[in-house]
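Taken together, the values in this text are just the output of simple stated rules run on the coordinates, not laboratory data. Keep in mind the model is a prediction, meaning the values are calculated, not measured. All Cβ positions, glycine included, derive from the backbone under ideal geometry; neighbour counts span all protein chains shown.
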Amino acid sequence: MAEQQEKIFQDKVDHEIRIEPKDWMPDQYRKTLIRQMSQHAHSEIVGMLPEGNWITRAPSLRRKATLIAKVQDEAGHGLYLYSAAETLGISRAEMIDQLHSGKTKYSSIFNYPTLTWADIGAIGWLVDGAAIMNQVPLCRASYGPYARAMIRICKEESFHQRQGFEILLTLSKGSEEQKRMCQDAIDRWWWPAVMMFGPNDESSPHTKQSVAWKIKRFTNDELRQKFIDVCAEQVHILGMKIPDPDLKWNEQTKHYDFGAINWDEFWNVVNGNGPCNKERLAARIKAHEEGAWVREAAIAYAEKKKRKEKVIA
Ligand code: FAQ
């Protein structure tokens, strides 16, 4: 029986038929999706913090309005993803507990500090750029609610990437100091953005199965290479440099070669020892605790409304 269910499931996946919440699915598929989708949701929510840091200091009203809108979009992405993950049988409260206790991860990239205004541009260009490269294929993920959530998210991420690039372009045409700020931000965000795609394929425990289940459509290394190829060209428009002396076009592979990634740094950050890990988690826990009264009020209001509707009925 179980074997037959598994065969029906894999046939659907192989024939590009979406898996929906009420369909039978292997336990491990459900667990993998909960792990990836909750990590993704947490990343969006924690990802609001580095940029939120600059809302009060944005250099003009237009920049402030755009940044507020971007950070709000990220909150929305987190909420779509928590809702999509709830269809797999886990509650939002459980996912948030897992984030706060350190049981589930969020993206390594958000454990780096935003030191200057140029960092907001670099996050848009490089971090949103990497996110788009990784997330556009997720619009075709085999699990329906995840794929549908990703369509809207990707549309908004493209806008974020463009506004980030435009911040850097403005700085790159500015004073010598602004140009230096622009290059400095690229220097600091380049390697962490390259690491966002996760470990090399040979040390990625989940990729092979996730590709077979069509959750992931490409491997970590394939996406990383696509990202590097795009950025290596775009950086010329900025008149800036990518901080990698080994970055070179390879006529044979038709891709850019690039230097060695510092995997010790990556795992150090993933395992909680990056420059801002403690600060980020503490900020999330504080916001959650201070927001308790809002959740209580919303529940009390919903219950009161339900009682009223019952009386009327
Ligand atoms: N950071 O075998 P794999 C954004 C972990 S959203 C931390 O390769 P998998 C929007 C991984 O969880 C950015 N941990 O795993 C935005 C696993 O640990 P586990 C987030 C990482 O799942 C922009 C272990 O390493 N995007 O940027 C990272 O097949 C601007 C082994 O790795 C998503 O979450 C990392 N970078 O592939 C917001 C996209 N990489 O669970 C604000 C969806 C790997 O066994 C501002 N997720 N790990 O303990 C994915 O595509 C995948 O989950 C990967 C990892 C590619 C991230």
Q) Tell me, in nm to one decimal, what length is gained between V211 and A313 on full extension, where the rule is 0.36 nm per residue of separation less the Cα-Cα distance? A) 31.6 nm
(Q) Order 115-123, 303-311, 256-264 from most to least packed using the mean count of other Cβ atoms within 10 Å. (A) 115-123, 256-264, 303-311
(Q) I need the phi-derived Karplus couplings for the stretch 302-312: 6.51 cos²θ - 1.76 cosθ + 1.60, θ = phi - 60°, integer Hz, Gly and Pro marked x. (A) 5, 5, 4, 4, 4, 4, 4, 5, 5, 4, 5
(Q) What aspartates and glutamates does K248 reach when the alpha-carbon gap must be under 16 Å and sequence neighbours fewer than 8 apart in one chain are set aside? (A) D229, E233, D257
Q.
What are the ³J(HN,Hα) couplings of the stretch 91-103, residue after residue, when phi is run through the Karplus curve with 6.51, -1.76, 1.60 and θ = phi - 60°? Round to Hz, x for glycine and proline.
A. 8, 4, 4, 5, 5, 5, 4, 5, 5, 5, 8, x, 6
Q | Extension reserve of the Q178-H288 stretch, reckoned as 0.36 nm per residue once the Cα distance is removed | A | 35.9 nm
Q | Environment charge at H100 (Cβ cut-off 13 Å; Lys +1, Arg +1, Asp -1, Glu -1) | A | +4
Q) How about K64: which lysines have a C-alpha closer than 25 Å to its C-alpha, ignoring those fewer than 8 places off in the same chain? A) K155, K173, K179, K286
**Q.** Neighbour net charge for W249 - beta-carbon separation under 10 angstrom, K R +1, D E -1
**A.** -2
**Q.** Calculated FRET efficiency for the pair S101/K304, C-beta based, R₀ 45 Å, to 0.05
**A.** 0.85
Q | Gain on full stretching of the segment that runs from D229 to R30 - 0.36 nm per residue minus C-alpha separation | A | 68.3 nm
Q: Note down the nm distance, to one decimal, between modelled labels 7 Å out along Cα→Cβ at S83 and at T170.
A: 3.2 nm
Q: Please list the non-local residues whose amide H lies under 5 Å from the amide H of H255, H modeled 1.01 Å from N, same-chain partners needing a gap of 5 or more.
A: N250
**Q.** Filtered GluC sites (Glu not before Pro), the stretch 224-300: DSSP coil and at most 16 other beta carbons within 10 Å
**A.** E251
Q: Could you check the simple spin-label distance between I151 and I68, using points 7 Å along Cα→Cβ, in nm with one decimal?
A: 3.1 nm
